[in-house]
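A.B. asks: Encoded as structure tokens, here's the structure I'll be asking about.
The values are calculated or read from the model by the stated rules, or taken from the named source; none is laboratory data. Just so it is clear, the model here is predicted, and its values are computed rather than measured. Remember, those area values only see protein heavy atoms, side chains included, never the ligands or the DNA or RNA. Shrake-Rupley method; radii C 1.70, N 1.55, O 1.52, S 1.80 Å.
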Amino acid sequence: MSSEPSRAALERLRTITWDDLEPAFAHGRSRALLMREYMRRAALWARACGAEEDRHVRAHS
């Protein structure tokens, strides 16, 4: 799994000024889609790294 697309999505998220209300309303849908895509990719990385199994083991230890 390549980190480049995920890194690009993260960099796009980091460049957003989240507390500026005017762009927030103007770009709300695209920001939501960008965040959703980042979270999807983060979940794929977590699964590929076995984070789900680690969490399950720790929760029941």
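A.B. asks: Just reorder R40, R31, R12 by solvent-accessible area, largest first, 1.4 Å probe, all chains present.
C.D. replies: Heavy-atom accessible area, descending, gives R12, R40, R31.
A.B. asks: In sequence order, what are the phi-derived ³J(HN,Hα) couplings for segment 7-18 according to the Karplus relation 6.51 cos²θ - 1.76 cosθ + 1.60 with θ = phi - 60°, rounded to whole Hz, with x for glycine and proline?
C.D. replies: The phi angles translate into 5, 5, 5, 4, 5, 5, 5, 5, 7, 6, 8, 6 Hz.
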